[in-house]
Amino acid sequence: MAFNGTVKILNTEQHDHENFSLSVAIPETVKPGQFFNFLATDSGMPLLRRPISVSGIEDNVITFTIKVVGKGTQYLANLKSGDEVALTGPLGNGFDLTTTKKRTLLIGGGIGVAPIKGLGEALRSMDIIVDSVIGFRENPILEAAFLKFSTQLTVVSEKNDTYKKGYVTQYLEQILDENEYDEIYACGPKVMLRAVTDMLNSRGKRAQLLMEEKMACGIGACLVCTCKLKDGEFGSKMVRMCKEGPMFYSDEVIFDE
Amino acid sequence: MNNLDLKVDLNGLILDNPVTVASGTFGFGREFEPYLDLNEIGAISVKGLTLEPRQGNEGVRIVETPMGMINSVGLQNPGVHHFIEHEIPYLRQFNTKIIANINGNTTQEYVRMAEILNSEDVDSIELNISCPNVKNGGLAFGTNPKVVEEVVKAVRNATDKHLIVKLTPNVTDIKEIAKIVEANGANCISLINTVTGMAIDIYQRKPILKRKSGGLSGPAVKPIAIKLVHDVYQAVSIPILGMGGIMTGEDAVEFMLAGADAIAIGTGNFVNPTAVIDVKKGIEKYLEYMEIKSVSKLKGYLNTVE
């Protein structure tokens, strides 16, 4: 079942000038990689809800880590603890945590580290060894949380020289050479997911990719958020990002130009 | 007041209440079952059907606009045979009317679909001659009076089912089209389909949608829809199923006062998965407040005192 209603915000936390977290209590079982569809207005505009992935699950307390990218996320950023927010969820398939037994690799880019952080915490509590490689344009977010659950943590930045320079994919090859992983998970910008997919393809491996697309209903009715997959009756098939996804295996996704 | 009469008669299609859902915004109902009781819906117009399955359009399919959205889905659907085999039995579990929304590339395709559905368990056929998101057919059918006449006549001859014709707002004179639809045997008119719209990414200097334009829906189109419903109300005597940006009970009442017998919620379902229930409650509240017992009284019930 999915919750659909209004809840009080329990906590908020500002990470930097554009990233923040908020927590709410939801009376439903939530999996890492699932998302909620937030009403991000009290005036009717913006019209459509904003799909936001969970970044932390502790009993019934669900945390969302959000980057301000427009009016909807700015509205959410302005909410304070005690304020009410309307949301629907959990939605989507989420990550499959059953495929990893011993050691797993997490790859995150930008605000894509948010759902990866929730996943890492969940895997660690299952006694899985978790290595992480996370990349940012400038300063990292959620670094402390990643330090806590990661056995090996690689932090990469394009602009901040305190960290390893460049993109996560530049360090991936070496990390994959050094350790044996029984599952790989990734979330980040499409270019990163594509580069990760290409690299894994060349090594005969695959990852669980948490993807995104602009959505309207978030529950599988409107068919505006699609992911193109290999095979199917048309030589490919369009599936719903919000319903069949947002997690897809890297070897089934067709990345368009 | 428990004695409100919410029944409406759309010229042979009797709905328990006037709140229906618009084609393409409610799938085949399944996605909404976790959120609301489908028995509460007057009728469900299912996702637009074609003879064969369709994959839909490539690329970005949505642009959010001020109080609206432009979609370019392109009639992605599993085809009429899948609908008959899998979706009708599902929908029949509920006490709601089933409207099969049909789309074709040619008059022959529309006719073929009407023939196929004629012997199936649907309560009505909605002839969609107004989809802006497909290359052939669709909108091209709905804007040309001669073609409208041809396709409505042909489909009417192909089926005994209750027949709704869905009109596009993208015409110069909607009254002329409505009259043709009525004269050729349609039982009911639904309107409006989406308004054609376009949006540009100013940094890439490219249209956001691959097909350049798509269909605008949501509260942004409501005043257009109210005006066109009123125009059609003045032009024909068959019932009207009004839609376009309905979010609340007040919106629904506005459509009925303009001349609609029943209404459909479209984009509103995306924003609020229980919109049907909320709109229905809002209508009831209005009827109680205005001390009007029967919702059918609202049709065209404008105060004409100057």
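For this structure, a couple of remarks:
- Taking the Cα centre of segment A:92-202 as reference, the dipole from Cβ charges on Lys and Arg (+1) and Asp and Glu (-1) amounts to some 280 debye.
- Taking N as its residue count, the alpha carbon Rg of segment A:23-175 over 2.2 N^0.38 Å: 1.10
- Shown here are the Rg and Dmax of the Cα trace of chain A, at 17.7, 53 Å.
- Solvent-accessible area assigned to carbon and sulfur over segment A:109-257 amounts to 47 percent, based on a 1.4 Å probe.
- Interchain or long-range residues, amide H under 5 Å from A:E18's placed H: none
- The simple Förster model, with R0 at 30 Å and r as the Cβ-Cβ distance, assigns B:E176 and B:A154 a FRET efficiency of 0.95.
- With all projection directions averaged, the alpha carbon convex hull of segment B:106-212 covers 7.4 nm².
- Placed amide H near A:V156: partners under 5 Å, 5+ positions off or other chain: A:I134, A:G135, A:F136
- Label zone (A:R137, point 7 Å along Cα-to-C-beta; backbone nitrogen cut-off 16 Å) within segment A:1-43: A:16-20.
- Computed over segment A:102-170, the quotient of the alpha carbon radius of gyration and 2.2 N^0.38 Å is 1.03.
- Members of segment A:188-231 that become less accessible by 40 Å² or more once partner protein chains are added (1.4 angstrom probe, chain alone as reference): A:I219, A:A221, A:C222, A:L223, A:V224
- R0 of 22 Å, Cβ-Cβ distance B:Q108-B:E85: FRET efficiency to nearest 0.05: 0.45
- Under a 5 Å amide H cut-off, with hydrogens placed 1.01 Å from N, B:T65 pairs with B:I70 among residues at least 5 apart or on other chains.
- Once the Cβ-Cβ distance of A:H15 and A:D251 is raised to the sixth power relative to R0 = 25 Å, the FRET efficiency obtained is 0.15.
- When Rg and Dmax are taken over the Cα atoms of the protein assembly as shown, they come to 25.4, 85 Å.
- Inter-label distance for B:M198 and B:K297, nm, one decimal - labels placed 7 Å from Cα along Cα-to-Cβ: 4.9
- Buried area at the A-B interface (accessible, heavy atoms, 1.4 Å probe, summed, Å²): 2700
- Once the Cα-Cα distance is subtracted from the 0.36 nm per residue extended length, the B:E288 to B:K146 segment shows a gain of 46.6 nm.
- Å² of accessible area per residue within segment A:165-238, as computed with a 1.4 Å probe and no ligands counted: 47
- Its DSSP H runs of at least 4 residues, each contributing -39,500 (n - 2.57), put the calculated 222 nm mean residue ellipticity of the protein assembly as shown at -7500 deg cm²/dmol, to the nearest 500.
- Here segment B:67-137 exposes an accessible surface that is 44 percent carbon and sulfur, computed with a 1.4 Å probe and the other protein chains kept in place.
- Shielding value for B:73-80 is 2, the average number of Cβ atoms from other chains within 10 Å of each residue's Cβ.
- Rounded D (µm²/s) - segment B:197-239, Kirkwood Rh over Cα pairs, Stokes-Einstein at 4 °C, 1.567 mPa s: 101
- Inter-part distance where segment A:141-198 and segment B:93-164 are each reduced to a Cα centre, Å: 53
The values are calculated or read from the model by the stated rules, or taken from the named source; none is laboratory data. Values in this document were obtained by computation on a predicted structure and should not be read as measured data. Positions of Cβ are backbone-derived with ideal geometry, glycine not excepted, and every protein chain shown enters the neighbour counts. What goes into the accessible areas is simple: the full protein's heavy atoms, side chains included, and nothing from ligands, DNA or RNA. Shrake-Rupley method; radii C 1.70, N 1.55, O 1.52, S 1.80 Å.
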